[in-house]
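The numbers here are math on the coordinates, done by the rules we state, and not lab data. Source: prediction; values computed, not measured. Cβ coordinates were reconstructed from backbone atoms using ideal geometry, including for glycine residues, and neighbour counts include every protein chain displayed.
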Amino acid sequence: MQRKNTDRLRIAYLTVSDPNDRRSWSGTVYRIGRVLEKYCGEVFNVGPLSPPAIKVGKVISRGVKHLTGKSYLHTHTLSLSRKLGQMASEKLERANCDVIFAAGASTAVAHLKTDLPIVYLSDTTFRLMVDYYPAFTALLSNSLREGDEIERLAIQKSAHLVYPSAWAGLSANRDYGADSSRIHVVPLGANIDEPPARGEILNPVNRGVCRLLFVGVDWSRKGGDIAFETLQELERLGVPAELTVVGCHPPRGVSHERLKVVPFIDKNDPDGRAQFDSLFRNSDFFLLPTRAECFGIVVCEACAYGLPVLSTQTGGLTELVKDGVNGFLFPLEARGDQFAARILDIYENANAYQALRFSSRGEYERRLNWDTWGEKVREILLATVAHDNLTSADCLATSN
């Protein structure tokens with residue numbers, strides 16, 4: 001018998017990291033917990049899970065890399081998976097819950113012993129990460145084997161799977177045999193406490209300087225060199241521009257009088273969140289020339305502030321950024337001159353630029369916010385508990 005939409009579930013929220021840490025997964029782990037409470041029911045945290053083996057594994061990983069040049073994924077071992085599964089199972093025994101919602105916790109889910117139905121969320125699969133992100137490149141054979149097995153077990157054990165992109169969902173279907181009716185594509189939202197009101201950010205402002213914003217802890221993977229080239233090229237084209245880099249230090253030798261670096265912002269701190277808000281409010285374009293990206297929460301945040309996003313055709317970004325709507329996507333081989341040329345075309349046309357800001361904000365309001373995510377995930381959780389089949393438009397269509 002199907003539960004009523006007014007029912008409030010008791011949800012075991014399974015995470016390996018601290019669910020109250022706003023820094024974990026760019027704040028996504030924290031935000032999911034809050035949204036589940038708002039839309040779905042009472043949340044019981046099953047995490048953080050941090051056995052000593054994680055710290056020991058990190059030391060071993062560094063040693064293996066130094067000695068062999070190969071990568072050893074200490075976070076994706078079967079022995080760690082069994083330990084995390086045991087820890088989570090023991091915590092679940094003390095909680096009277098209806099369903100488990102696991103966020104990015106495949107290693108814990110794979111060997112979890114429970115009778116509760118599991119809804120598993122991730123922004124990727126292990127198979128997609130291999131030779132895509134630097135940490136998953138040149139893997140030891142046992143890391144490849146164990147990581148793949150953990151992903152297979154986690155997907156097999158879950159009643160429903162939630163991914164923010166069809167790119168990830170199709171991999172679960174193609175590479176791990178998950179039935180498309182169990183796969184739901186629901187974009188994540190912007191990790192900000194209070195999004196600015198429309199009127200606060202969409203009023204035309206002529207600052208005389210084109211302000212570019214780049215956010216990322218990994219300068220190389222996020223395409224920081226291309227962002228810097230964009231600044232230089234705009235200057236060559238006669239456009240007064242500034243580039244603010246947040247989250248990392250550019251390499252030695254990368255300097256410019258109009259380059260500002262904010263190496264770290266602590267989102268756990270109110271002052272840090274206020275600084276984050278100010279940076280987005282006072283920017284004109286968001287640059288993400290990334291080499292590899294599963295989804296890109298920061299794109300949702302840029303859209304919340306009405307910022308056009310200039311990014312690359314890779315991973316989940318091909319669905320997240322829509323050309324001419326909330327920004328533009330470039331081929332991976334594009335360099336700063338191409339980014340700068342597009343910025344110049346838009347920025348010199350005040351009406352076109354303002355229209356792009358409006359449509360970028362519209363994408364946030366329509367699909368890239370946590371309220372929309374919460375409503376859709378609530379239906380998935382209710383159907384999971386009631387053992388109903390879902391025929392939602394958000395289920396993966398493998399024919400696409």
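Expected output is a single nm value to one decimal: the length gained when fully extending between ALA95 and VAL261, i.e. 0.36 nm times separation in residues minus the C-alpha distance. What is it?
Extra length available between ALA95 and VAL261 comes to 55.2 nm.
Calculated [222 nm] ellipticity per residue, helices only, for the chain: -13000 deg cm²/dmol; basis is -39500 (n - 2.57) per DSSP H run with n ≥ 4, divided by all residues, nearest 500. The packing ranking of peptides 19-28, 55-64, 304-313, 130-139, highest mean first, is 304-313, 19-28, 130-139, 55-64, where packing means the average number of other beta carbon atoms within 10 angstrom of each residue. In the chain, the ratio of gyration radius to Kirkwood radius, Rg to Rh, stands at 0.98 when only Cα atoms are counted. A crude spin-label estimate for the pair GLU375 and ARG8, with each label 7 Å from Cα along the Cβ direction, gives 2.1 nm. Taking the DSSP beta bridges with both ends in the chain, the antiparallel portion is around 0 percent.
Residue-wise HN-Hα couplings along region 359-372, as the Karplus relation 6.51 cos²θ - 1.76 cosθ + 1.60 with θ = phi - 60° gives them from phi, are 6, 5, 4, x, 5, 4, 5, 7, 9, 10, 10, 6, 5, 4 Hz; Gly and Pro carry x. FRET efficiency for the pair ASN142 and ASN268, taken as 1/(1 + (r/R0)^6) with r the Cβ-Cβ distance and R0 = 35 Å, rounds to 0.45. Taking a point 7 Å out from the Cα of ARG367 in the direction of its Cβ, the residues of region 162-204 whose backbone N falls within less than 16 Å of it are 163-170, 184-190. Spatially, region 44-64 and region 305-323 are offset by 33 Å when compared through their Cα centroids.
Each of the peptides 295-301, 333-339 was scored by the mean count of other Cβ atoms within 10 Å over its residues; in descending order, highest first, they stand as 295-301, 333-339. Computed extension gain for ARG62 through ASP388, at 0.36 nm per residue and net of the alpha carbon distance, reaches 112.7 nm.
What does the charge count around GLY324 come to, taking other residues whose C-beta lies under 13 Å from its C-beta (Lys +1, Arg +1, Asp -1, Glu -1)?
On the way: positive: LYS322, ARG342, ARG357; negative: ASP323, ASP345, GLU363.
Residues close to GLY324 contribute a combined charge of 0.
For ASN203 and LEU332, a Förster radius of 60 Å and the Cβ-Cβ distance give a FRET efficiency of 0.95, rounded to the nearest 0.05.
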